[in-house]
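Student: Below you will find the structure I want to go over with you.
What follows is calculated from the coordinates using simple rules that are stated; it is not laboratory data. As the structure is a prediction and not an experimental result, all values here were calculated from the model. Here the Cβ positions follow ideal geometry from the backbone for every residue, glycine too, while neighbour counts run over all protein chains shown.
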Ligand SMILES: NC(=O)c1ccc[n+]([C@@H]2O[C@H](COP(=O)([O-])OP(=O)(O)OC[C@H]3O[C@@H](n4cnc5c(N)ncnc54)[C@H](OP(=O)(O)O)[C@@H]3O)[C@@H](O)[C@H]2O)c1
């Protein structure tokens, strides 16, 4: 079978199409014919060698994919041939606390990812794809959507009428927008682009703030919330934007620390957290149980992921360059 591996020096040019032996299912494993995959910012960082963890190479990249089960190993009970399944990010985190997630079992680094014709998955590390979604839509779920769901619903216990602030209009933030809006919450987005704010409003956002135009965007968020601030922040900007997020969140509100798109340096006064009893929480994607709960909500509410652009899977380097440019709105996906 064909696969793309990252090998040699870091950089998108080190993504090479290679021939690999057809995988065979071992006990409690399934073989999936991959039909679509999706990119996350993490995949780009791993490929260019700037991710916070260095993985042994060669590596088949990408945590996220969907495909059809074409073979099952002994004692497989959860899945059958013909099922359409998504990979999960943490291969061992089925449910419960994050203690169950073993770092050595993350898909797309350190263990091989989905960027191949076929992938071998532990039957515990796959979920049925929502039936109403296309393959590229379903492929966009495992990392970005589960992260947004885990932050707002599993950990955040979001309630109707609360206000969610989603930073930017990338994969995680647009899923957060869609989940929050469908749960009856009010959503405010930030973006570098007025055009993207208009598109976010069409998806259900109530208001938007251009963070280029308003570098102190917390002032605008406070103005939009009668000076109170928001209940939940989807914080993907990192230390640089965290100070603004801390000003924009209400007393007792929650900040979900998810990404660091604006860099890894910045200063925070912890007393601002203490004085206003802000709950600050790191979000490490989520468990399979979160993924399954999310899929039920996606099915009932007929939510459709926002797909910005699709590339042939062998053109992954071009897709990564596109994601890196920041031109996208939602998810960048690959068709197999
Ligand atoms: N902890 C986890 O489990 C987890 C899971 C998934 C992702 N992440 C991290 O979360 C971040 C977002 O991931 P993603 O997949 O959604 O990325 P993405 O799809 O590439 O989204 C990037 C978008 O964020 C906005 N943005 C860029 N720089 C920003 C800044 N300095 N401040 C605020 N917004 C900014 C831009 O939106 P506009 O064009 O609208 O300005 C950009 O298009 C990444 O750092 C990623 O590594 C973490």
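Student: Of all DSSP beta bridges in the chain, what percent run antiparallel (nearest 5)?
Tutor: 55 percent
Student: With 10 angstrom as the radius, rank 132, 150 by how many other C-beta atoms surround their C-beta, starting from the fewest.
Tutor: The order, fewest Cβ neighbours first, is 132, 150.
Student: Based only on Cα atoms, what Rg/Rh ratio does the stretch 282-325 have, Rh being taken as Kirkwood's radius?
Tutor: Ratio of gyration radius to Kirkwood radius for the stretch 282-325: 1.12.
Student: Sorting check: for 242-252, 272-282, 302-312, which peptide has the highest mean count of neighbouring beta carbons within 10 Å, and how do the rest follow?
Tutor: My ranking of the peptides, most packed first, is 242-252, 302-312, 272-282.
Student: If the stretch 145-282 were replaced by its equivalent ellipsoid, with semi-axes equal to the square roots of 5 times the Cα gyration tensor eigenvalues, what would those be, largest first, whole Å?
Tutor: 19, 17, 15
Student: Here's something else I'd like to know. Taking neighbour Cβ counts within 10 Å as the exposure measure, how do 154, 77 sort from fewest upward?
Tutor: 77, 154
Student: Still on this structure, I have one more. Helix 239-248 versus the longest principal axis of the chain: what angle, 0 to 90°, nearest 10, using Cα atoms?
Tutor: Taking Cα atoms only, the helix is inclined about 50 degrees.
Student: Then there's this: Take the Cβ-Cβ distance between residue 265 and residue 51 as r, set R0 to 22 Å, and report the resulting FRET efficiency rounded to the nearest 0.05.
Tutor: 0.80
Student: Between the stretch 296-321 and the stretch 150-210, what is the separation of their alpha carbon centroids in Å?
Tutor: Each part reduced to its Cα centre gives a spacing of 18 Å.
Student: Here's another thing I want to ask about it. For each of 206, 64, count neighbouring Cβ atoms within 10 Å of the residue's Cβ, then give the residues from fewest to most.
Tutor: So the residues, fewest neighbours to most, are 206, 64.
Student: What do you get for the angle between helix 316-325 and the principal long axis of the chain? Use alpha-carbon atoms, 0 to 90 degrees, nearest ten.
Tutor: So the helix axis and the longest Cα principal axis differ by about 0 degrees.
Student: Rounded to whole Å and sorted largest first, what semi-axes of the equivalent ellipsoid does the C-alpha gyration tensor of the chain yield via the square root of 5 times each eigenvalue?
Tutor: Semi-axis lengths for the chain are 34, 21, 18 Å.
Student: With r defined as the distance between the Cβ atoms of residue 297 and residue 16 and R0 fixed at 51 Å, what FRET efficiency is calculated, to the nearest 0.05?
Tutor: That pair, residue 297 with residue 16, gives E of 0.85.
Student: Enter the angle in degrees (range 0 to 90, nearest 10) between the Cα long axis of helix 288-300 and the first principal axis of the Cα atoms of the chain, meaning the one along which they spread out most.
Tutor: With rounding to tens, the tilt is 80 degrees.
Student: Right, another one. Given 20 °C and 1.002 mPa s, how large is the Stokes-Einstein diffusion coefficient of the stretch 1-119 in µm²/s, with Rh as the Kirkwood radius over Cα pairs?
Tutor: In µm²/s, the coefficient is 144.
Student: With runs of 4+ DSSP H residues as the only contributors, calculate the mean residue ellipticity of the chain at 222 nm using -39,500 (n - 2.57) per run, divided by the residue total and rounded to the nearest 500.
Tutor: -7000 deg cm²/dmol
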